[in-house]
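Single-structure report; data block below.
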Amino acid sequence: MRLSEHFMLDELLESQTARRKGIDEQFNPSDEIKLNLQSLCIEVLDPLRKEVGLPIYISSGYRCKKLNRVIGGALNSQHIEGKASDIKVKGMNNFEIISAIRKAGIDFDQCIEEFESWVHISFNRGNNRNQFLKASLLNGKVVYSPLKF
Ligand SMILES: [Zn+2]
């Protein structure tokens, strides 16, 4: 199923962990979740794809509650609602991706540079905070700080 110009539903559901552990509900999201994923693709990922002119790799999109628990995701993670994705772009570092998000003037909820490994971006219609944060590990705990430009 196609969600937007550049993204298929499968890309937003893919999880090797869910496959390995036989978590079937990961691959059967509700209509509400699908609509949230579609908004994320249309409002955030497609415009970013256009801005960078390169394929966007989604390392984690939707996470059913079971999968989120297994991987130790935050209890209130927007991934559970299908409102967030973790992304990478081959040949671009996180700072370049985040700069492209700013340049494209995308309306988003939270954009988080996570552990210098990927960029988390979410979309929450009507409640977008346009917040730039950085996630790092401090004594084994995740701490968030404002992202400096
Ligand atoms: Zn994330």
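What follows draws every value from the coordinates through simple rules; no lab data is involved. Here the structure is a predicted model, which means the values were calculated and not measured. As a convention, Cβ positions derive from the backbone with ideal geometry for all residues, glycine included, and neighbour counts pool all protein chains shown.
Within the stretch 64-101, which residues are crowded, with 20+ Cβ neighbours inside 10 Å, within 13 Å of the ligand (Cβ to nearest atom) and not in a helix (DSSP H, G or I)?
G82, K83, A84, S85, I87, listed by residue number.
Could you give me the residue pairs with C-beta distances under 6 Å whose first residue belongs to the stretch 71-90 and is hydroxyl-bearing (S, T, Y), whose second residue is within 12 Å of the ligand (Cβ to nearest atom) and in a loop (DSSP other than H, G, I, E, B) wherever it lies, and which are 6+ apart or on separate chains?
S85/G61
State which residue is nearest to R19 (Cα to Cα) when the search covers only the stretch 53-63 and only residues that are within 15 Å of the chain's Cα centre (by Cα) and surrounded by fewer than 16 Cβ atoms within 10 Å (Cβ to Cβ).
S59
For the stretch 102-117, name all the residues that are hydrophobic (A, V, I, L, M, F, W, C), part of a loop (DSSP other than H, G, I, E, B) and either in contact with a Cys (Cβ under 6 Å, 6 or more places away or on another chain) or surrounded by 14 or more Cβ atoms within 10 Å (Cβ to Cβ) (or both).
At the first step, the residues of the stretch 102-117 found to be hydrophobic (A, V, I, L, M, F, W, C) are 104, 106, 108, 111-112, 115.
Narrowing the set further to residues that are part of a loop (DSSP other than H, G, I, E, B) leaves 104, 106, 108, 115.
Correct list: A104, I106, F108.
Closer than 18 Å to R125 by Cα and outside any strand (DSSP E or B): does that describe N36?
When the stated conditions are applied, N36 passes them.
Inside the stretch 85-142, can you point out the residues that are more than 24 Å from Q38 (Cα to Cα) and polar (S, T, N, Q)?
N93, S117, S136, N139
Identify the single condition in (1) touching a helix residue (DSSP H, G or I) at 6+ places or on another chain (Cβ under 9 Å); (2) more than 16 Å from the ligand (Cβ to nearest atom) that D46 does not satisfy, given that it satisfies every other one.
Going through the list (1) touching a helix residue (DSSP H, G or I) at 6+ places or on another chain (Cβ under 9 Å); (2) more than 16 Å from the ligand (Cβ to nearest atom), D46 breaks only (1).
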